1. Going through segment A:612-635 one residue at a time, which ones are in a helix (DSSP H, G or I) and either outside the structural domain of residue A:658 (by TED's automatic domain parsing) or in contact with a strand residue (DSSP E or B) (Cβ under 6 Å, 6 or more places away or on another chain) (or both)?
2. Considering only segment A:92-197, give the strands (runs of 3 or more DSSP E) lying wholly within it that have at least 1 residues that are at pLDDT 90 or above.
3. With respect to the numbered conditions (1) closer than 25 Å to residue A:139 by Cα; (2) modelled with pLDDT of 90 or more, which one is the sole condition not fulfilled by residue A:273?
4. Here is a list: A:437, A:449. Which entry is of a type outside the set (A, V, I, L, M, F, W, C), modelled with pLDDT under 85 and within 28 Å of the chain's Cα centre (by Cα)?
5. Would a scan of segment A:96-106 turn up a residue that is surrounded by fewer than 18 Cβ atoms within 10 Å (Cβ to Cβ) and polar (S, T, N, Q)?
6. Farther than 24 Å from residue A:503 by Cα and out of contact with any Asp or Glu (no Cβ under 8 Å at 6 or more places or on another chain): does that describe residue A:821?
7. Residue check, residue A:209 against (1) modelled with pLDDT under 90; (2) among the aliphatic types (A, V, I, L, M); (3) surrounded by fewer than 22 Cβ atoms within 10 Å (Cβ to Cβ), all met but one. Which one?
8. Would you check which residues across segment A:390-434 are surrounded by fewer than 16 Cβ atoms within 10 Å (Cβ to Cβ) and either more than 32 Å from the chain's Cα centre (by Cα) or not assigned by TED's automatic domain parsing to the domain that holds residue A:453 (or both) and list them?
Amino acid sequence: MTATPQPPQWINKLLKSVCKECLLEEIEGDLMEFYSDWLDKYGSAKADLLYCYHAIKFLRPYALKSIFKVSIFRTMMIKTHLKIAYRQLVKNKSFSFLNIGGLALAMLVVTMISIWIWDELSFNHYHEDVVHVARVMQNQTFEGGDIQTWRAQAIQLAPALRETYGSNFDHVATASFQQESTLFYKEEALKKTGIFIEPSGPELLSLEMVKGQRSGLSSLESVFISESTSKVLFGYEDPINEIFRIDGRPPVKVTGVFKDFPSNSAYGDLDFIATFELFKQDLPEWLNWGNSWFQTLVQLAPNKTIEEVSLAIRDVKLLNVSDETGSRFEPQLFLHPMAKWHLYNQFENGINTGGRVQYVIMFGTIGIFVLILACINFMNLSTARSEKRAKEIGIRKAIGSERAQLISQFYTETLLISSSALVISLVASYLLFPFFNQLTGKELSLPWNNSVFWLLTLGFTLFTTLIAGSYPALYLSSFKSIGSLHRFSQGQSTISARRLLVIIQFTVSIALVIGTVFVFLQINHVKDRPLGYDIDNLMILPLNGEDLQARFEVFRNDLLQTGVVEEVARSSSSITRTGVTNSGLSWTGKDPNMQDEFITVVVTHEFGKSIGWELVAGRDFSKEHQTDQQGFIINEAAAEYLGFDDPVGRKVKWDVHGDYTILGVVKNMVTQSPYDPAKQTIFLMNYKGASKANIAHLKLSSQRPIQETLTAVEEVFKRHDQSNPFEYYFVDDLHSKKFKAEERVGKLAGFFALLATLISCLGLYGMVSFVTQQRTKEIGIRKVLGASVTSVWGLLSKEFVGLMLVSCLVASCLAYYYIESWLAQFQYHIHQSLWVFIAVTLSGLIIGMLTVSYHTITASMVNPVKSLRAE
Amino acid sequence: MRKTYIGELEEVILLMVAMLQEEAYGVAVTKGIASQLDRKISVSAVHATLHRLEEKGYAASEMRGATAERGGRRKRFFKVTTAGSRILREIQDTRSQLWNQLPPNALPI
């Protein structure tokens, strides 16, 4: 006999397990008859499918075994369960408040943290092919084996990559870094952020075009603008073929409009994309492999990985760069994938050491902890409550309740609590999001229409219900009725488990609080760091117009004449942001192998007076000495770097620029990151390099109101420069911006620490109320025998003080370890001091004691007659 | 006792059972409905309806007639009970009564 195909066995097993036995035979038989028909008609594959489909359709109420039916009796009971659950909640108001409030708080924290983390993790993931896009980076080894990682590249790199390694890439594009430019359209002038990129850029960035094609960036004068910029510049008119100018460049014509990048991407603020050819027109001819001024972006071919291409292109620069332009720095190229730009942006000694991802991990950990804390509390409180209901269970059983009914009763109660917590937390997070956005500097909102979000929240609610409800539901309902009527107190084991939970909670919150305090101390410490110059009433005015730079002296005189400005000077970089470095200096006593590097700032005579730097030796630049044109003012760090004890008057030779004399030494100033030590800096007036002294520093008079000063300065500016918009910054604003990231972390951590402390206090409160209730009789007897209120209070509180002390100790150790590693990333940082630990521990103890005492004092004041009579 | 009504599908299936006489079981009824009424209906729906009819007392069943095709399983054959035939007749009567009262041209063509 040939084996005829059989229907899948699993489906028969399913039928067998759920269908009534008396029906099984005919169902299977009929299905088999159809099956043989289907086999002839459609073949075995489709027949199997049809068989399964029809078999599953048999799972109807009439065919199922009775246990799978919902009995009408049980559905009726749900109503009763709900009613009783509601009565329980209303009866124990403080308990319900604690339980629902605590859980809602935790859900709130977790919702916010998860949405924040989601936003961070999805950074740059707007890109269709994010795994294949990367920026070319370079590691260079400087003196003393110091490896620096740069994201800038030479203009020659992209052509070299295309030519020699073309098969690895789909696209290679050189681009400028994102920069602010002024767009001139008709009478309007607007500051906008843009990028200049080679024609393959739009493909590489996976632009979503609203108008025009991605290929439209091919000719020199073409430009793409973002949808929002198009609205601002052209309103509802069609922007295509409109003409405007970018800074002082030749006019450009709009050939495309792209959809604004999502805010959680590296190009979130990009307003226009112009051609690199246009940018190149302003660049000097002599750019070589040593001038890393641009970024090189690549998109790999589909079958290549970041790692293999990284390895392949490693020596491209080394092979091309000449000796004097930097081969001695041993440049090594590698790719930094787009997905990692945001979270893994720190490099140390050429190796990626993470970056923002540490905050993601930190907040993720906090979130998980808060969640665990809240679940523990919830479980604790619910079980403590239900112990008291052992009698109720006994009576219910005696009357004739089934165990299944008791189980569903408890689950209904827990579900009611957790779902009300969910509703509260959703409403609260909706209300709190504006505040949270302000804190994080993001634009987040609850993803109401995201199904994953709802699945997660509902799943989480059910999960908590299951965890917290299972103990009373399954354990308590298993008692024999006679036993539970007898039962009074419970064993020691669950109590000590609860003690452990209280310790864990307290530890986490104390550690968080200590951490937050140190974050703020560190920020304040750096804020209080002596700047070395006078930050008050100091204004920065970028001089974009060429003729304004040329006629600076006239402009300066006009400003001084207004009477609102005390001093004006020009420099090549803002005092808050020096970046240009130079090398090639030689002096007596220089180590021949030393590859010197100085920050150089080109200034005018009055610069020192404007910013109020402090001379420690020598003199300032002066108009009386013609020779000051060949003079240096250096900072203390430079004096040390040069190895001079008495630097004033010493000569330094700078290869192309000639000999210079050191005129004076100024105190170190904070001109870069306030967390780093001051770098060796040279201020000079005569310079033949590319930097222009195009930034004016204005010392404003403190006598006049700020609005009047601004109007006066703007009026003078407008008189001298009609084409550029008036743009100004206050140095103290620029300075405080440097603390934004850290302050943000501090505030967030503080916010979460506060919530965690609140949650753990709730836990403590619940625990104490449980313990005192258990000991009501004991307290009564003690009081009858003559115990005072204080001694009873002491007796009840003693145990908790011990627990809190233990957790403070553990928390301090944990916090010490983590803070030490956090502080290590800042060169200029505080040292952990003992008093913070002591203060936080003490205040933690006080808060804890207040929580505990509320209950213990009430318990010890109760009239013993009452507590002993109650049964 | 309240009078039990039967639905349209129940009526059709009960009629089919009567029509098939000795051969009325799940597969035959399903196929009969498919061929006679040009109406696709799944075997599980037919089963459910047959059992409901039996519950209501309009049909009775017995198990017999195992074949190799069914893997040696028996079929459940249904037949119409007296109550069943009464209700079918009643339906037929009410309908014709109503039809008879219909004035000419009452139904638009």
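1. A:630 - this is the single residue of segment A:612-635 that is in a helix (DSSP H, G or I) and either outside the structural domain of residue A:658 (by TED's automatic domain parsing) or in contact with a strand residue (DSSP E or B) (Cβ under 6 Å, 6 or more places away or on another chain) (or both).
2. In segment A:92-197, the matching strands (runs of 3 or more DSSP E) lie at A:133-142, A:169-175, A:188-197.
3. Checking residue A:273 against (1) closer than 25 Å to residue A:139 by Cα; (2) modelled with pLDDT of 90 or more, the one that fails is (1).
4. A:449
5. Scanning segment A:96-106, I find no residue that is surrounded by fewer than 18 Cβ atoms within 10 Å (Cβ to Cβ) and polar (S, T, N, Q), so the answer is no.
6. Considered against the rule, which asks whether it is farther than 24 Å from residue A:503 by Cα and out of contact with any Asp or Glu (no Cβ under 8 Å at 6 or more places or on another chain), residue A:821 comes out as yes.
7. Going through (1) modelled with pLDDT under 90; (2) among the aliphatic types (A, V, I, L, M); (3) surrounded by fewer than 22 Cβ atoms within 10 Å (Cβ to Cβ) one by one, residue A:209 breaks only (1).
8. A:391, A:395, A:398, A:399, A:400, A:402, A:403, A:404 - these are the residues of segment A:390-434 that are surrounded by fewer than 16 Cβ atoms within 10 Å (Cβ to Cβ) and either more than 32 Å from the chain's Cα centre (by Cα) or not assigned by TED's automatic domain parsing to the domain that holds residue A:453 (or both).
The values are calculated or read from the model by the stated rules, or taken from the named source; none is laboratory data. A quick note: this is a predicted structure, and the numbers were derived from the prediction, not measured. Cβ coordinates were reconstructed from backbone atoms using ideal geometry, including for glycine residues, and neighbour counts include every protein chain displayed.
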